[in-house]
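Structure first, commentary second.
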Amino acid sequence: MSNRLITEIPLIYADSLEFKYWNKDFICILLNNEFNLRIELKGIISFHFIKHLDLDCDYVDIVDVIHQYRLPTPNEIESLNLDSKVNLHFITLHGESDFFIVCSIVEILNLA
Amino acid sequence: MFKLVKAVEYLTLFLITFGHTEIFAKSLIQSDSVPILANAKNCNKSKAKPPGGYSSVDTINVLYLESWRNNRTGFNNNDTRNAQASRDCGEGASAKVPNLNGKSRNEITQILTKYGFKSNNKPSPAGWETFKHDDKSKIDINWGDGRIIRTEKPFYGPDRRIINKGQRIDRDGYKIPRNIDHKYHSKESVDLGD
């Protein structure tokens with residue numbers, strides 16, 4: 001398992017974003033064809049999505065990325081109902097929509 | 001393959017020599033695949049494209065050839081020299097707005113209004129406010145930490161799909177190379193005044 005952060009890759013947009021329930025796990029998959037990137041967020045504990053603007057672009061705009069791999073704060077433990085103090089990925093993607101995701105595994109795959 | 005490469009090199013020299021430089025330069029400017037250095041030292045002051053097209057196209061050609069050879073020889077895309085070589089002026093209103101670095105919130109709002117940007121008036125929970133122009137270029141500002149991020153206006157391919165997805169522009173109006181990480185993007189930020 002890699003602990004590489006999304007901030008360490010040239011991700012300024014995603015061609016698609018897929019959220020699915022598979023094998024008893026919530027998974028989010030971001031694809032970027034330009035750089036042959038597939039980012040899989042597995043073991044999703046929290047997925048919060050806000051659409052801000054009329055979407056007039058045919059891709060998922062990612063203006064800013066915040067990605068922290070850390071222990072949850074006491075507030076987060078309480079609000080997300082976490083029962084253990086293990087490191088988790090806290091990811092915020094801001095663009096024409098905002099995504100706030102907490103998950104246990106992030107896999108950044110280069111498909112080239 | 002080697003012969004093909006040689007043929008392209010000879011064609012390039014032919015075009016430079018026999019006065020087709022303007023056509024050649026225009027075709028390069030429209031290409032997504034090669035990094036090009038524009039002539040302007042500051043895109044949002046002197047404007048990227050002078051009336052009548054590019055005049056000093058030899059500069060562009062030389063830099064294009066250098067970049068092209070580098071790509072052929074496995075030049076490292078993360079090398080800073082490559083980032084310098086790809087300083088191509090951005091397109092759209094977001095590239096024409098002057099450097100906002102160190103300006104106050106009021107000054108920035110006035111400048112963006114003057115340049116025809118409209119706010120979405122709905123800052124995100126993380127503090128981002130988006131200013132959009134009619135040409136669909138935009139400027140995102142985080143009033144919490146002061147960061148400013150400019151996005152070029154979209155260009156469409158024959159199938160009407162956007163071909164410059166998420167192209168960022170720096171504070172001087174240049175395109176930020178697409179292959180570098182967020183943390184290496186040029187800094188432009190609001191004076192929050194604490």
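Every number in this text was worked out from the coordinates using simple rules, so none of it is lab data. These numbers were taken from a predicted model, which means no experiment stands behind them. So basically every Cβ, Gly included, is an ideal-geometry build from the backbone, and we count neighbours across all protein chains shown.
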Length-normalised contact order for the range B:93-184 - Cα pairs under 8 Å, 6+ apart - percent: 26
Taking other Cβ within 10 Å of each residue's Cβ, how do A:VAL102, A:VAL63 sort, fewest first? A:VAL102, A:VAL63
What does the charge add up to near A:LEU31, with Lys and Arg as +1, Asp and Glu as -1, over the other residues with Cβ less than 9 Å from its Cβ? -1
Could you put A:CYS103, B:CYS43 in order, starting from the residue whose Cβ has the fewest other Cβ atoms within 10 Å? A:CYS103, B:CYS43
Here, the range A:6-110 modelled as identical Cα point scatterers in vacuum has Debye log10 I(q)/I(0) at q = 0.10, 0.12, 0.24 Å⁻¹ of -0.28, -0.40, -1.44
What is the order of B:TRP128, A:TRP22, B:TRP143, fewest Cβ neighbours within 10 Å to most? A:TRP22, B:TRP143, B:TRP128
